[in-house]
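The values are calculated or read from the model by the stated rules, or taken from the named source; none is laboratory data. Just so you know, these numbers come straight off a predicted model, no measurement behind them. Using ideal geometry, Cβ is built from the backbone for each residue, glycine included, and neighbour counts are taken over all protein chains shown.
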Amino acid sequence: MPESAVARAAISLIGMPGSGKSTVGRHVAKHLGLPFIDSDQVIERRIGCSIRDYFETQGEAAFRNVEQAVIDEVTQLGGHVVATGGGAVLREANRGALHSRTTVVYLRSTPEDLARRLRHDNHRPLLQGSTDPLHRLRALYQERDPLYRRTAHFVIETGRPSVHTLVNMVLMQLELAGLVPVATEPRAPHP
């Protein structure tokens, strides 16, 4: 596949909060020589505060409006890897934009794995104030998993592999689908 095909590639990562979208996305972008966009960081620059603070002062609906505008914009760009927020799939417009304009990879994590990863995280607005984070994650997962699956072109089970292994799983899936050139040398982990 010609290098120009990679330059036009648009890859989006979706999944539950804590599934590794930003970390894996950053490494996938680096391996492919593409820019990386974290939609949550774009949103925070636009609103001028943290998503958590915006949620508290403006509410979830206002946040989802900003998120939808950002998803619409970043999915129209070519040649990049984007990590979305965990709730980006809640709106039909976001699901359509992601699926039709980008190659979508769902990093699927169980609620139990997420609870283990997020046990010390105090930046996730939808998990704040929960006396039973695992119960909350199970409820979110039950609501969102079908939406992630409908939006995704590929599903990668995250389980407990290393970041390097997850990055390789994503890249191999993209290679098998003919969306990026097959690596000619083993991939070394990026720092």
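Of note:
- Checklist (1) modelled with pLDDT of 90 or more; (2) in a helix (DSSP H, G or I); (3) surrounded by fewer than 21 Cβ atoms within 10 Å (Cβ to Cβ) applied to Val155, failing item: (2)
- Residue in region 82-92 that is surrounded by fewer than 14 Cβ atoms within 10 Å (Cβ to Cβ) and within 28 Å of Pro181 (Cβ to Cβ) present: no
- Considering region 45-60, the residues that are closer than 17 Å to Thr84 by Cα and at pLDDT 95 or above include one that is surrounded by the fewest Cβ atoms within 10 Å (Cβ to Cβ), namely Arg45.
- Of the residues making up region 80-96, at least one is among the hydroxyl-bearing types (Ser, Thr, Tyr), modelled with pLDDT of 95 or more and either in contact with a helix residue (DSSP H, G or I) (Cβ under 9 Å, 6 or more places away or on another chain) or over 26 Å from Ser162 (Cβ atoms) (or both).
- Yes/no for Ile14 being in contact with an Asp or Glu (Cβ under 8 Å, 6 or more places away or on another chain) and either more than 25 Å from Glu143 (Cα to Cα) or among the β-branched types (Val, Ile, Thr) (or both): no
- Selected residue (criterion: farthest from the chain's Cα centre (by Cα)) from residues of region 158-179 that are surrounded by 14 or more Cβ atoms within 10 Å (Cβ to Cβ), part of a loop (DSSP other than H, G, I, E, B) and modelled with pLDDT of 85 or more: Leu179
- Here Tyr148 fulfils each of the conditions (1) at pLDDT 90 or above; (2) in contact with a Leu (Cβ under 8 Å, 6 or more places away or on another chain); (3) surrounded by 15 or more Cβ atoms within 10 Å (Cβ to Cβ) apart from (2).
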